[in-house]
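J.: Dumping the structure here so I can ask a few things about it.
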Amino acid sequence: MNHRRLLRRPEVLRLLNCGNTKFHEMQKAGLFPAPILLPCGRTKYWDSVEVDAWLQAQIDASRVEISIAASTGLNALFGRSAASKQVTERRVLPMVGSVRSVPVLKNVVHSMAR
């Protein structure tokens, strides 16, 4: 069970293992949950449950990419054409207020078939 906590920026950066610049770019592009602003100050906080869900989505998307790459490699090894297969898996990136799907490895699959 996840206990909801408010995380400050240094805690979030430590969890993500990234720097200020990359974190700011992800926020600006809408690829990371928006901060919470409390009326008692200017400090920004992030909901630990939202951050955990975002991390899990990134882990799941990474595993989908690995499984697609592995199956494509096996198809090439056994003489099956990877270009004849349609890649329908999509990576879901949680966005503030909406969810956007991005195609996964479509160009990689076609380039491996050549």
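The values are calculated or read from the model by the stated rules, or taken from the named source; none is laboratory data. Values in this document were obtained by computation on a predicted structure and should not be read as measured data. Here Cβ is always computed from backbone atoms with ideal geometry, including for glycine, and neighbour counts include all displayed protein chains.
J.: Quick one: which of E65, E11 is surrounded by 13 or more Cβ atoms within 10 Å (Cβ to Cβ) and at pLDDT 95 or above?
T.: Working: E65 fails: at pLDDT 95 or above.
Exactly one residue qualifies, and that residue is E11.
J.: In region 1-44, how many are part of a loop (DSSP other than H, G, I, E, B), free of Cβ contacts under 8 Å to residues at least 40 places away in the same chain and within 20 Å of Q56 (Cα to Cα)?
T.: 8
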